[in-house]
Amino acid sequence: MTTAATRLPRVDRGSSPQVVRTRAELRALLAAAPRPLGLVPTMGWLHAGHASLIRRARDESATVVVTIFVNPRQFGEAADYTRYPRNEARDLEMCGAEGADIVFAPPAEEVYPPGYDTTVHVGAIAEPLEGAARPGHFDGVATVVAILFSLVRAERAYFGQKDAQQVLVVRRMATDLALGTEVAACPIVREPDGLALSSRNVHLSAAERAAAPVLHRALAAGAALHGAGERDATALRDEIRRVLAAEPLARVEYVSCADAATLEELRTVDRPALLSLAARFGATRLIDNQPLG
Ligand code: PAF
């Protein structure tokens, strides 16, 4: 549908976004911002996957807000938080190139002011897979996203499908807390060799980078078996593990074939399902997934 928003974008792609650091500045800018408003929450180190989210937000919104905040509450190990890559100047350039109007890049005390003492905990959907592998991770994600949704009050927020469980967790949270922001999931963007784009890819050594596309190959093998008629979920998980086992640099954490809505592991693929996995290459942990049906 063509809307006024798509006919009359507020800024041209390529111009600089307005950068704000405080809640008060953000509120002041948003009070006068044309609606609908599209929000792209990020932790920076933007890549083509983020660019695709900003572009979609641009196409569907009169005002696009990108947030850049490396959220300490969603990292298990302090070392992981510290080594998370950062380059704000480059991020702002990409935000401008893709047509973002406003970038909210706050310091930690603007997001979690002194005395801050609230955690948003999402239930069952946050428990398996990434929730089991990274205790507390989704509490951190749900908490920061709830704050960002409350501050920005966008009609729609855009997330990458690579973090498929994150999409389900955030959607549950936004629905349950009636935050009024719809959660849109955007397709995974991949390198030509199939590796899903991730800010963490920068940490891979040359050998690990060469090995990492095995994740996509393994999922594709599982999907191909499903396409050939296999409905036994164990057979699909085994096929994925078989492909992964051929790559000695991949240390597999989990392989899942689960109900796409609840993430409960399946015996039989008799409904929309999600193949997903996590593996370490050296110190770098990567995830990927592939929907079925
Ligand atoms: O996906 C991410 O980059 C983060 O988890 C998010 C949604 C920006 C929350 O910090």
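For the stretch 19-160, what does the accessible surface come to per residue with a 1.4 Å probe? Please give it in Å².
Heavy-atom accessible area per residue stands at 40 Å².
Roughly what would the spin-label model give for GLU127 and ARG267, points 7 Å off Cα along C-beta, in nm?
1.9
With the other protein chains left in place, how much accessible area per residue, in square angstrom, belongs to the stretch 178-293 at a 1.4 angstrom probe? Provide the component values of the computation, followed by the final result.
Numbers: 5160 Å² over 116 residues.
Per residue, the stretch 178-293 has 44 Å² of solvent-accessible surface.
Quick one: net charge of ARG21's neighbours, Cβ under 12 Å, K/R +1, D/E -1?
Details: positive: ARG23; negative: GLU25, GLU88, GLU109, GLU110.
With Lys, Arg at +1 and Asp, Glu at -1, the net is -3.
Find the relative contact order for the stretch 129-229 and round it to a whole percent, using C-alpha pairs within less than 8 Å whose residues are 6+ positions apart. Numbers along the way, then the final one.
On the way: 82 pairs, mean separation 21.2, N = 101.
Relative contact order here is 21 percent.
Just to check I understand the Karplus step: with θ = phi - 60° and J = 6.51 cos²θ - 1.76 cosθ + 1.60, what whole-Hz values come out for the stretch 32-37, glycine and proline as x?
Working through the residues one at a time gives 9, 7, x, 9, x, 10 Hz.
In nanometres, what is the gap between the two model label sites at ARG231 and ALA89, each 7 Å from Cα along Cα-to-Cβ?
5.8
Can you send over the carbon and sulfur percentage of the accessible area for the chain, probe radius 1.4 Å, protein chains only? It would help to have the intermediate numbers written out before the result.
Values: 6920 of 13050 Å².
With neighbouring chains kept in place, the figure for the chain is 53 percent.
What percent do you get for the relative contact order of the chain when only Cα pairs under 8 Å and 6+ apart count? Provide the component values of the computation, followed by the final result.
Working: 546 pairs, mean separation 47.0, N = 293.
About 16 percent, as a whole number.
Let me check something: with ligands and nucleic acids excluded, how do ASP176, ASP163 order by accessible area (1.4 Å probe), largest to smallest?
Numbers: ASP176 95, ASP163 55 Å².
The ordering from most to least exposed comes out as ASP176, ASP163.
Just from its helices, what would the mean residue ellipticity at 222 nm be for the chain, if runs of 4 or more DSSP H residues each count -39500 (n - 2.57) and the sum is divided by every residue, rounded to the nearest 500 deg cm²/dmol? Walk me through the intermediate numbers first.
Working: 12 runs with 112 residues, N = 293.
For the chain, the value works out to -11000 deg cm²/dmol.
The values are calculated or read from the model by the stated rules, or taken from the named source; none is laboratory data. As the structure is a prediction and not an experimental result, all values here were calculated from the model. Neighbour counts are summed over all protein chains in view; Cβ atoms, including those assigned to glycine, are modelled from backbone coordinates with ideal geometry. Side chains included, ligands, DNA and RNA excluded: accessible areas come from the protein's heavy atoms. Shrake-Rupley method; radii C 1.70, N 1.55, O 1.52, S 1.80 Å.
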